[in-house]
Amino acid sequence: MRPWEMAAQIAKCVMGDRWPQFSPVKLPRVVLGNLVLSLDPELEPEEAERKLYDLIRGRRGIPDNARTLQEIFDLLGGVLPVPPVGSVVAGLIDRVARGRRLVELLERRAMDWYRDRLGSGGALGLLRAGETEDGFPLAAQIVCEALLEDLREGWSRGWRPRNCLLLLDDVDTPCGRDFLRALTAARAHRADLPEPRGHDPLLVVAASRTWPALGPHWNLPGTPEYLTAGGTRYPPQARRASHGDWLAGRAPSRRDRWWYPVLLPDLSRAEVARMRETTRQRPGPSHAGFVYALTGGYPPAVEHLLAAMADRERGWDARQENDGWTEQALRALPSLDWRSHPRHPFRDFSHDLDDLAASSAAANLADAEDAGLLSRPWRSVLEELDERMWLRTDPAQDMAPVFHPWLRRLLLLELSRRRRRGRPLWDIAHESLENLYGSPREGPRDGLAMVMYHRLARVGTEPAGLERLREVVELLDGRFNRIDMAEWVRQYNWITSAPNRLPTGVPLDDLYGELNREPGEPAGGTGGEETAGTDAGPRRDRPAGTDRATVVRGLVIDRWFLSDPATDPLRDRRQSVKEGLKLLARYAATGRAVLVNEARRYDREDDDE
């Protein structure tokens, strides 16, 4: 479909919407433009003009787009009998009968407007422009100008309570992009006329999965702040968008000032729960929270996972209705490895994923580049991802670009599978980031806590992995009661949000036992950055035989599991974290209330971490 054909479809919808209390709206300029562009561009000017007038007066059939034109002519007042035809010439009209009103609209009002716009050649000036690469944008713009003028004229007759709202979905197709470009060019041209004839009533709300060409005034969502120019803007979130915000920050360019990009949110947990209720095949827990946490609310991923759950439920017998969704059943869902899905971000990705997968180990892409994970040629690839709306700036990361949560999950899965020079790429990436954060040039950031985030990511059940876990526990245990308790909780939450590559086929309790099998450490923890002090020993309000380091170790493992829905899909570790924090509060010299309040947070099932 071409832009003027979209304009014809819009004309059909507008003219077909009849309100008895208002006069009907006619759009003859759009119709005439489509008639002209349906002619053979190889015709001589005189022959083309004769055929056009024959079409208007009903002596010839209408080629191309006949179905749309037939409906439009009916709405304008004509009569279009359509004989039965084959599929190749579907819609060909052999005879067109017109009333006087139709001839007047097309031959006089519309023709006069095209003569004013294009000079003596009139509407026929569109014919050759529409078939050439250079003239195509101009032809599309002029038909869009005709649409706006028709709407302005229709809405100026009498009073109408509403403007004309046009909703377009998936405009990131070539036709959708061409139409929006033509429409903004048409608006800009009409605004620059010496004597504007008034405002048109059209408001277009278009949804796109990719970033359209909006001009330099608008920054892509993933553009680092240091690369933005003065006076430019990030697109607002939908909840903050308003007409006043658009007016206050419009672009200075005539063409670009009509755009107002708004970032639509991913699906909320409540929306995922409603979708789950419409697809589930059995009673019992819905596990919508698991779906939401795993996908980040990304709609295609949510739909894919819900469909997989529904398919699995159809195969259950009656005995599995209430307990079919076990931990292992949820972990075994085909939720991550679906490269054949049409909307998978890497399905048509022409680049090798090594650098991109390695970058997913970092908290943000600026750190990934500083750690040497992202080579210079990959900047253009990141721009491509940004245009696909896979990047965003994160205030928690100093407005550095970060991956969408779902994309990062897929990249981490790729990272866990890849090797480089005989070593797991997972280890190489996280070691590089440890080196980055451990260097003095990182300055004010707490480098050691960030190092331990990546050290925990490399923890496994092998001896080297268990040693890394011991180092993480030593750091947190050593800092307990030596820094502000709220800051300690923040560091604990950050470190234990590290990704993992733990095997999904092993029951969670078995994994916990493997990671916690190391003999208990001495009271107070040794060998860490700070010594634990003498407050780690038993007191009357502490359970006998349990030292603080053991409590911290269990808390680290439990929350590390809990932070990944693919590891703990039933969120069984929530209760363990809550009880562990309450137990740890008994060892606190100050700030007990901070730990108790943090423990209570895990009682709220709707809390998305």
Next on the checklist: Starting from 0.36 nm per residue, how many nanometres of slack lie between ALA213 and LEU448 once their C-alpha separation is accounted for?
Outcome noted: 80.3 nm
Checklist outcome for this item: One finds, for LEU466 and CYS13 with R0 = 51 angstrom and r their Cβ-Cβ distance, a FRET efficiency to the nearest 0.05 of 0.15
Next on the checklist: I'd like the FRET efficiency for ALA307 and ARG50, computed as 1/(1 + (r/R0)^6) with the beta carbon distance as r and R0 of 51 Å, rounded to 0.05.
Outcome noted: 0.35
Item to check | Peptides ranked, highest mean first, by Cβ atoms within 10 Å: ranges 417-426, 258-267 | outcome: 258-267, 417-426
Checklist entry - Where in the stretch 161-185 does the amide nitrogen come within less than 19 Å of the point 7 Å from the Cα of LEU264, taken along Cα to Cβ? => result 165-181
Next on the checklist: Can you give me the % of accessible surface on the stretch 225-264 that is carbon or sulfur? Probe 1.4 Å, all protein chains present, nothing else counted.
Outcome noted: 52 percent
Next on the checklist: Cut-off 19 Å, label point 7 angstrom out along Cα-to-Cβ of GLU579: give me the residues of the stretch 483-519 whose amide nitrogen falls inside.
Outcome noted: 508-517
Checklist entry - Sorted by accessible area (1.4 Å probe), largest first, how do TRP406, TRP155 line up? => result TRP155, TRP406
Checklist entry - Hey, what do the phi angles of the stretch 201-218 turn into as Karplus ³J(HN,Hα) couplings, whole Hz, using 6.51/-1.76/1.60 and θ = phi - 60°, x for Gly and Pro? => result x, 7, 10, 10, 10, 10, 9, 9, 8, 10, 7, x, 7, 9, x, x, 5, 9
Next on the checklist: At 1.4 Å probe size, what's the solvent-accessible area of ILE428? Round to the nearest 10 Å².
Outcome noted: 20 Å²
Checklist entry - Pulled fully out, how much extra length does the chain show between SER120 and ARG420, if you take 0.36 nm times their separation in residues and subtract their Cα-Cα distance? => result 101.1 nm
Checklist outcome for this item: Mean accessible area per residue over the stretch 269-316 (1.4 angstrom probe, all protein chains present, square angstrom) is 42 Å²
Item to check | Contour minus Cα-Cα distance for ASP352 and GLU42 (0.36 nm per residue) | outcome: 106.9 nm
Checklist entry - Counting only protein chains, not ligands or nucleic acids, how are THR504, THR496, THR232 ordered by accessible area (probe 1.4 Å), most first? => result THR504, THR232, THR496
Checklist outcome for this item: Under the 7 Å Cα-to-Cβ spin-label approximation, ASN493 and GLU387 lie apart by a distance in nanometres of 3.8 nm
Item to check | LEU126 accessible area, assembled protein chains, probe 1.4 Å, Å² | outcome: 0 Å²
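The values are calculated or read from the model by the stated rules, or taken from the named source; none is laboratory data. This structure is a prediction, so every number in the text was calculated from the model and none was measured. All Cβ positions, even for glycine, are placed from backbone atoms using ideal geometry, and neighbour counts span all protein chains on display. Side chains included, ligands, DNA and RNA excluded: accessible areas come from the protein's heavy atoms. Shrake-Rupley method; radii C 1.70, N 1.55, O 1.52, S 1.80 Å.
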